[in-house]
Amino acid sequence: MAHLDEARYGRTCLLVLNVCPFTLRQVIDDYFTKQGSPDIQDFLEKNKHNLYHIMAKKCCCRLIPSRVTPMYRSQWDLLYKRNLSPCKGKCSVGGDCPCKFDAIPGITSNVMDITLCCLVIKNICQGAAINMTHIDKIRDIRNKLIHASSATLDEPTFNGYWSDVKTAILDLANMVSPTVHTDTVKMIQDLETRVMNRYELEELKKVIVTLHKVEEVYMYY
């Protein structure tokens, strides 16, 4: 029974940490394409100011930063690099400001994990036909898994998590294209029939522990 509970936990973690990011990256790519950006570098550059306010502890202007979905500096550094230019605007804070950063050349959405995907979608993919309730559900279950007191799931909890995430991610995939939906279905089906051995579960636990520690270091409110 203990191994079954661990296997349920492991399978659900893989659904959230592997399958969901694949589809959410397609959601982001689809969004910036429809917004007229030729690539995600251009899209990030256009939305740099908004993301900076989510990440920075100080305001660069009079806009009050949101703390609903905070951004870690480590996440910002995956998307932007410092430049040597002086401030191009009328920023009121000394030191760093968004003018002093550029979107990383040649960047793709593949650098984004599930947390960063959810953050970008929630904060800068506005006005799109994206069901944000799905994003909230996926993010909530992800956090419950990462911060769980034990790496196990009983059958009722597993069934609830699996159903909620599967419904959400397939609906989002279908919004993008039939191809993305088909690819997502295939990935989920592979997980549903996958048998996780002890070694895989132990390696996955190490990943979860690392994620938990990183969030404890960078968390601020």
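The values are calculated or read from the model by the stated rules, or taken from the named source; none is laboratory data. Not measured: the values here are computed from a predicted model. Here Cβ is always computed from backbone atoms with ideal geometry, including for glycine, and neighbour counts include all displayed protein chains.
In table form, for the structure just shown:
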{"read-out": "Any hit, the stretch 33-43, residues being modelled with pLDDT of 95 or more, more than 24 Å from P178 (Cα to Cα), out of contact with any helix residue (DSSP H, G or I) (no Cβ under 7 Å at 6 or more places or on another chain) and surrounded by fewer than 19 Cβ atoms within 10 Å (Cβ to Cβ)", "value": "yes"}
{"read-out": "Looking only at the stretch 147-171, and only at residues there that are crowded, with 20+ Cβ neighbours inside 10 Å and among the aliphatic types (A, V, I, L, M), the one that is farthest from C20 (Cα to Cα)", "value": "L153"}
{"read-out": "Condition check for G89: in contact with a Pro (Cβ under 9 Å, 6 or more places away or on another chain), surrounded by fewer than 18 Cβ atoms within 10 Å (Cβ to Cβ), within 23 Å of D42 (Cα to Cα) and at pLDDT below 95", "value": "yes"}
{"read-out": "Selection status of N174, assigned to a helix (DSSP H, G or I) and at pLDDT 95 or above", "value": "yes"}
{"read-out": "Matching residues, the stretch 92-106, being modelled with pLDDT of 65 or more and part of a loop (DSSP other than H, G, I, E, B)", "value": "D96, C97, I104, P105, G106"}
{"read-out": "Residue in the stretch 64-72 that is modelled with pLDDT of 80 or more, of a type outside the set (D, E) and buried (at least 17 other Cβ atoms within 10 Å of the Cβ) present", "value": "yes"}
{"read-out": "Pair list, Cβ < 6 Å and 6+ apart or interchain, from the stretch 137-162 residues that are part of a helix (DSSP H, G or I) to residues that are among the acidic types (D, E)", "value": "K137/D164"}
{"read-out": "Total residues in the stretch 172-197, condition surrounded by fewer than 18 Cβ atoms within 10 Å (Cβ to Cβ), hydroxyl-bearing (S, T, Y) and within 28 Å of T210 (Cβ to Cβ)", "value": "1"}
